[in-house]
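The values are calculated or read from the model by the stated rules, or taken from the named source; none is laboratory data. As the structure is a prediction and not an experimental result, all values here were calculated from the model. As a convention, Cβ positions derive from the backbone with ideal geometry for all residues, glycine included, and neighbour counts pool all protein chains shown. Quick note on the areas: whole protein, heavy atoms, side chains included, nothing else; ligands and nucleic acids left out. Shrake-Rupley method; radii C 1.70, N 1.55, O 1.52, S 1.80 Å.
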Amino acid sequence: MKLWHPVSPQVWQGRDDSAESSTAKRLFQTIQQRERFSPVPSGIALMGFECDEGVKRNQGRPGAARAPDALRGALANMASHQGHARLVDMGSIYVEGNALEAAQQALSEAITACQQSGMRTLVFGGGHETAWAHGRGVLDAFPQDRVAVINLDAHLDLRKAERATSGTPFRQLAQYCASQSRDFLYACLGVSRAANTQALWEEAGRLNVTLVEDIDFRRDALSALDTVLAQADRVYLTVDLDVLPAAEMPAVSAPAALGIPALDLLPVIERICRSGKLQAADLVEYNPHYDRDGQGAKLAARLAWQIAHWWA
């Protein structure tokens, strides 16, 4: 696998309570690790995308390339419950220099290989440029299926740009679907009208994007989600951590002035996970450089913990 490396065993460390009971396990004790890229017939493939080139191109705050191992470290010491033994650490894809597109291609190929082997994929970004690679990999794995892209995000990420950035992934996915005469099923839940220009709002209308604004999230998110789920054969969920309030998640490129609290996001995430249609998920835009006492890493890791626990 190009641009790939295994994860250091030092990343998966934690407290050992096994003397108490055979079930007193933490994730660092139940995670399966791979020394080479070799998908297995089942389980959840945990992968990292060590990249912030897309954030740099989008004039954001770089640092997200260090996120995957930081999030693994925060996840490692959490208790291992139902679903967590399915996690298989399949290593990380990295960017050489500023060659974003090559790394995105490598991640797409890795995702497709895992999906076609019968695995589902959970990716730790990286900036939101992760989504173009992850989403394309899922689309390629299931060319005959209606794949819904559900983005929990303050931003639409439908920008027009000369080259890929962290602000272009869903425009790229829309164009990719159009090139294959596939429906582009995209929902952006938690979007901030204040953080998106009128031009982006108009582009979302042109693409028939399902929108739920941040101020309407508690009232409308679940009903909008049910409509999207009914249309889809499979779902790709992408969680941009800047959807959370800055007070809960300071460690992102663009902290949200308002945002959606984690306790409001979780019922939406749970419904997606329990739908039986979730094929892939990722958490993006975490930036360790701006974290306070590991607060952001712990919250992001808890979201990943819940996704693995609820994934039906």
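Things worth noting here:
- If only residues of region 279-309 that are modelled with pLDDT of 95 or more and acidic (Asp, Glu) are counted, the one that is surrounded by the most Cβ atoms within 10 Å (Cβ to Cβ) is 285.
- Any pair with Cβ under 8 angstrom, 6 or more apart, that starts in region 199-217 at a residue that is part of a strand (DSSP E or B) and ends at one that is among the aromatic types (Phe, Trp, Tyr): 210/186
- Each residue in region 54-67 was checked for being in contact with a Leu (Cβ under 8 Å, 6 or more places away or on another chain) and open to solvent by 20 Å² or more (accessible area, probe 1.4 Å), and 1 of them qualify.
- Qualifying residue in region 89-103 (condition: within 25 Å of residue 141 (Cβ to Cβ), part of a helix (DSSP H, G or I), touching a Ser or Thr at 6+ places or on another chain (Cβ under 8 Å) and not hydrophobic (A, V, I, L, M, F, W, C)): no
- Candidates 224, 312, 230, 254: the one that is at pLDDT below 95, under 20 Å from residue 187 (Cβ atoms) and open to solvent by 10 Å² or more (accessible area, probe 1.4 Å) is 312.
- Of all residues making up region 88-98, the number that are touching a residue at least 12 places away in the same chain (Cβ under 8 Å) and either touching a helix residue (DSSP H, G or I) at 6+ places or on another chain (Cβ under 7 Å) or open to solvent by 10 Å² or more (accessible area, probe 1.4 Å) (or both): 7
- Long-range neighbours under 7 Å by Cβ, at least six apart or interchain, first residue free of Cβ contacts under 8 Å to residues at least 40 places away in the same chain and of a type in the set (A, V, I, L, M) within region 33-45, second surrounded by 11 or more Cβ atoms within 10 Å (Cβ to Cβ) and part of a loop (DSSP other than H, G, I, E, B): none
- Top-ranked residue of region 10-24 - restricted to ones that are in contact (Cβ under 8 Å) with a residue 40 or more places away in the chain and surrounded by fewer than 19 Cβ atoms within 10 Å (Cβ to Cβ), ranked as farthest from residue 72 (Cα to Cα): 15
- Reported count of residues in region 116-135, each being within 13 Å of the chain's Cα centre (by Cα) and not in a strand (DSSP E or B), is 10.
- Within region 112-158, considering residues that are touching a helix residue (DSSP H, G or I) at 6+ places or on another chain (Cβ under 8 Å) and among the polar types (S, T, N, Q), the one farthest from residue 98 (Cα to Cα): 116
- Of residues in region 160-196 being more than 28 Å from residue 245 (Cβ to Cβ) and of a type in the set (Phe, Trp, Tyr), the one most open to solvent (accessible area, probe 1.4 Å): 176
- Verdict on residue 157 being touching a Cys at 6+ places or on another chain (Cβ under 9 Å), open to solvent by less than 10 Å² (accessible area, probe 1.4 Å) and of a type outside the set (Phe, Trp, Tyr): no
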